[in-house]
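First the structure, in the form of structure tokens, and then the observations on it.
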Amino acid sequence: MEKEEFLLQFEKNLFNLFGKDLHTSTKKEKYIAFSKIIMNELAEDWKKTSDKHKNSRNAYYFSAEFLIGRSLGNNLLNMGLDEKYSQILKELDIDINDLEIQEEDAALGNGGLGRLAACFMESAASLDYPLTGYGVRYRQGLFKQYFHNGFQMEVGDNWTLDKDPWSRRVESESKIIRYKNQVVKAVPYDMPVVGYKNHVVNTLRLWQAECDDGFDFQKFNNFQYDDSVKEKNRAEDITRVLYPNDIQRPGKVLRLKQQYFFCSASIQDIIEKYEKNFPNDVNFEDFAKYNTIQLNDTHPVMAIPEMMRVLMDDKKLSWKQAWNVTSNVFNYTNHTILQEAMEKWSVDVVEEVSPRIMDIIAEIDRRFVSDLVGLYYSVDRIDNLRIVKDNTVNMAHLAILTAVKINGVAKIHTEILKNETLKSWHDLYPDKFVNKTNGITPRRWLFYSNPELTNFITELLGEDWKTDLTKLKELENFQDDESVLEKLMEIKLHNKIRLKKYIKEHENIDVDENSIFDIQVKRLHEYKRQLLNAFHILNLYYKIKNNEVSDIPKQTYIFGAKAAPGYFRAKAIIKFINEVKNLVNNDDVVNKYIKVVFLENFNVSIGELVYPAADVSEQISTAGKEASGTGNMKFMLNGALTVGTYDGANIEIFNHAGEDNNFPFGATVDVLNSIRDTYNPVEYYYKDENIKRVLDTLLSDLINDSGSFMFLDIYNSLVNRDSSFKLDEYFVLKDFNDYEQIHEKILQTYSDKKKWAKMSLMNIANFGEFSSDRTIKEYAEEIWRIVPNEKI
Ligand code: 4GP
């Protein structure tokens, strides 16, 4: 679109939508009017892509979470229109960045698996794969976090208030969802997923729950206002909130209704499309030839019995025929081995949602057991595998039995699944299990968020690396080129200054851009061990106070983390970090050396400022607990060095970029397994003065938990001998000294700037493997067996 035409359209939109013009409209209004233009601009490609998909084998990504973030900037970049529009807007005296930051994050996910889903969608579009996403259009995204007196507070996130210009409501493709005691309408909202400069636009279809005639006029007339909209509210409740939990799951009927809601709508949608493609002769025997579904964790597992239900009850297939289709369509990704995340629903809850679905699950279980009896399995072995046991439905078991392929998300994670967590299943179906190490999209996490580094790499390597990230390897040729290394550090400095400004503006803390930016951003969970990081800072505080160290480089410790609202200990850790922050920042001796920042409301768009600014990436989970991690990859791509345990994808990062170019530390899974039963953290407490000093702070007046007893709780969880719980379950004290030593090494290494720059370069150069393009290609070739549409 040329400038004149653009201006005309822009003004039209401003007037039609808001009754304003260029001069009277707000930035937010301009952002919306502008986004609508871009939506129009991609319409043709979107339609063409959808039409192409009709002829091919399609994959569908079912996920209860898509943590998308903002769309405008990324869509412009992928369409190759960012510079053009930036220029046109500039001529109108509008800074495109000012408009981009008006957009609310679409935070329809908690963290890991939700952000992964968003990266996967983008990579599939960029590689031209026919992949459609299916999920839930939550009215309220992940809560917004703020701190009050150091405590986490939560407020709702009504992200669609600003009209959501990136969704298209497709009323005519609504579906009816039938629960035991309720019927609701699922209305699809389609979001475009723009491929990188290839004219491909895939679709993310999110369902919203509504109710057609939820308004009772009689009741309204009788002044029963609340009652008159009760049905409407009951329907809308289903997609009102994203459950703010990762890992731990609440056992709520509403949550299961939510899951069934989007699964049922999506299954109906896929089947309907299939039927439309074969108007005269629908043959469900071929269904699995044309369709494959990826279940992102267990949240969409209700899709399995729902598929059986639709095929049998509506399409009149026999059980055998229906099972033959269903058991060839699904695949399942596991994202965590933490037991609390393995979804289990009591039979009466499933029945309350849909008795028919419970019947089907019970029948799947019955037939499975009878097969196993036929194989002469012992009762114990069968018990281990059952889908319904002790009146509880095990969703992972249902997924594994039905799935063609099951995957973990990093090598170590898949091995743990095969050898421990899901061993009995692996014994039964060894060929089903595969590994697919996670990845991240370089478009959002480098091209968009770090344009200076992107341009510099292009200067060095030409354009090709942008569509094949393995070509970054060629950067190794510059590892001894001083001017390149200097430039790399200069770019880092610029990104640190950008973050420093954000910190000043939002947290009112002055940080020094020449200090080491040591960053840990991720959900708050005990296994991720933000506590270990905070203990290290406190130890450093004491060392500086007591002149135990001198002449150390300046350091800025930056945190960003949300805790699930009901997770008391995680919230205690947030309060603790905030107290350590105040202690350090307010001490005029200590704050010459270190500063602490806790970014409020960490989300995707704050991440875009954070990852490029890091010198050190903290990936310090208890070995064996972090399935993969993806933040580790975002930091790596932006040239941070990883201080990390041998866990998740850290191990693969160390292997690719070199242990010498990072800072591995801590006990391995094997070591932890060998001491698990005998580990006694109390010994560490009494034997190690540093540990004692740090832990005693929890009970001292130096920091204050405002009468919440949160710090006592942390203390007790680690070293209270009277506790009936397992002490220090995440081995914080065990790894403390190793962590201290590795931090000393970090400081020494940093004093050699050239060496540091070279290590940073080696990380960027070896990122290729961690592009989600690689991951998606593997899913496409080995699990989904789909091929790219030819270029449009
Ligand atoms: C997360 C894992 O904790 C993380 O290690 C992994 O990188 C991510 O999934 C994507 O695979 N798990 C979740 C969850 O988000 O809710 O279980």
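For the stretch 81-123, filtering for residues that are more than 16 Å from the ligand (Cβ to nearest atom) and among the aliphatic types (A, V, I, L, M) leaves 9.
Among the criteria (1) more than 16 Å from the ligand (Cβ to nearest atom); (2) in contact with a Lys or Arg (Cβ under 7 Å, 6 or more places away or on another chain); (3) outside any helix (DSSP H, G or I), the one residue 377 does not fulfil is (2). The set of residues in the stretch 281-297 being among the acidic types (Asp, Glu), more than 16 Å from the ligand (Cβ to nearest atom) and within 35 Å of the chain's Cα centre (by Cα) consists of 286 alone.
Among 58, 78, which is the only one that is more than 16 Å from the ligand (Cβ to nearest atom), modelled with pLDDT of 95 or more and buried (at least 24 other Cβ atoms within 10 Å of the Cβ)? Exactly one of 58, 78 is more than 16 Å from the ligand (Cβ to nearest atom), modelled with pLDDT of 95 or more and buried (at least 24 other Cβ atoms within 10 Å of the Cβ), namely 78. Restrict the check to the stretch 748-763 and report whether at least one residue is over 24 Å from residue 474 (Cα atoms), in contact (Cβ under 8 Å) with a residue 60 or more places away in the chain, outside any helix (DSSP H, G or I) and out of contact with any helix residue (DSSP H, G or I) (no Cβ under 8 Å at 6 or more places or on another chain). Looking for residues that are over 24 Å from residue 474 (Cα atoms), in contact (Cβ under 8 Å) with a residue 60 or more places away in the chain, outside any helix (DSSP H, G or I) and out of contact with any helix residue (DSSP H, G or I) (no Cβ under 8 Å at 6 or more places or on another chain), one finds at least one in the stretch 748-763, hence yes.
Considering only residues that are of a type in the set (Gly, Ala, Ser) and in a loop (DSSP other than H, G, I, E, B), which ones fall in the stretch 419-451?
Those that are of a type in the set (Gly, Ala, Ser) and in a loop (DSSP other than H, G, I, E, B): 439, 449.
For every residue, the table says whether it meets (1) more than 13 Å from residue 520 (Cα to Cα); (2) part of a strand (DSSP E or B).
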site: 556; (1), (2): no, yes
site: 566; (1), (2): yes, no
site: 571; (1), (2): yes, no
site: 576; (1), (2): yes, no
site: 580; (1), (2): yes, no
site: 588; (1), (2): yes, no
site: 601; (1), (2): yes, no
site: 610; (1), (2): no, no
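When you scan the stretch 632-652, do you find a residue that is at pLDDT 95 or above, part of a loop (DSSP other than H, G, I, E, B), within 13 Å of the ligand (Cβ to nearest atom) and of a type in the set (S, T, N, Q), even just one? Scanning the stretch 632-652, I find at least one residue that is at pLDDT 95 or above, part of a loop (DSSP other than H, G, I, E, B), within 13 Å of the ligand (Cβ to nearest atom) and of a type in the set (S, T, N, Q), so the answer is yes.
Test residue 94 against the stated conditions and say whether it is in contact (Cβ under 8 Å) with a residue 60 or more places away in the chain and either closer than 30 Å to residue 708 by Cβ or part of a loop (DSSP other than H, G, I, E, B) (or both).
On the way: in contact (Cβ under 8 Å) with a residue 60 or more places away in the chain: yes; either closer than 30 Å to residue 708 by Cβ or part of a loop (DSSP other than H, G, I, E, B) (or both): yes.
Judged against the criteria, residue 94 is a match.
Return the residues of the stretch 314-344 that are under 22 Å from the mean Cα position of the chain (by Cα), assigned to a loop (DSSP other than H, G, I, E, B) and among the hydrophobic types (A, V, I, L, M, F, W, C); say none if nothing qualifies. Passing the criteria: 337, 338, 342.
Taken together, 584, 597 contain a single residue that is part of a strand (DSSP E or B) and modelled with pLDDT of 95 or more, which is 597. Out of all the residues in the stretch 135-147, is one or more among the charged types (D, E, K, R), part of a loop (DSSP other than H, G, I, E, B) and closer than 30 Å to residue 45 by Cα? Yes, the conditions are met somewhere in the stretch 135-147. Taken over the stretch 233-281, the criterion of being of a type in the set (Val, Ile, Thr), at pLDDT below 90 and in a helix (DSSP H, G or I) is satisfied by 253 alone. Evaluation of residue 663 against the conditions (1) touching a strand residue (DSSP E or B) at 6+ places or on another chain (Cβ under 6 Å); (2) within 16 Å of the ligand (Cβ to nearest atom); (3) more than 11 Å from residue 763 (Cβ to Cβ) shows that the sole unmet condition is (2).
Let me confirm something: among 621, 617, which residue is touching an Asp or Glu at 6+ places or on another chain (Cβ under 6 Å), touching a residue at least 12 places away in the same chain (Cβ under 8 Å) and either farther than 23 Å from residue 552 by Cα or within 16 Å of the ligand (Cβ to nearest atom) (or both)? Lay out the reasoning, then the answer.
Working: 617 fails: touching an Asp or Glu at 6+ places or on another chain (Cβ under 6 Å).
None of the others qualify; the one that does is 621.
Test residue 399 against the criterion of being among the small types (Gly, Ala, Ser) and either crowded, with 20+ Cβ neighbours inside 10 Å or touching a helix residue (DSSP H, G or I) at 6+ places or on another chain (Cβ under 9 Å) (or both), and give yes or no. Lay out the reasoning, then the answer.
On the way: among the small types (Gly, Ala, Ser): yes; either crowded, with 20+ Cβ neighbours inside 10 Å or touching a helix residue (DSSP H, G or I) at 6+ places or on another chain (Cβ under 9 Å) (or both): yes.
Yes; evaluated as a whole, the condition is true for this residue.
In the stretch 584-592, is there at least one residue being over 20 Å from the mean Cα position of the chain (by Cα), within 16 Å of the ligand (Cβ to nearest atom) and not small (Gly, Ala, Ser)?
no
The values are calculated or read from the model by the stated rules, or taken from the named source; none is laboratory data. Here the structure is a predicted model, which means the values were calculated and not measured. Reconstructed Cβ throughout: ideal geometry from the backbone, glycine too, with neighbour counts over all protein chains shown.
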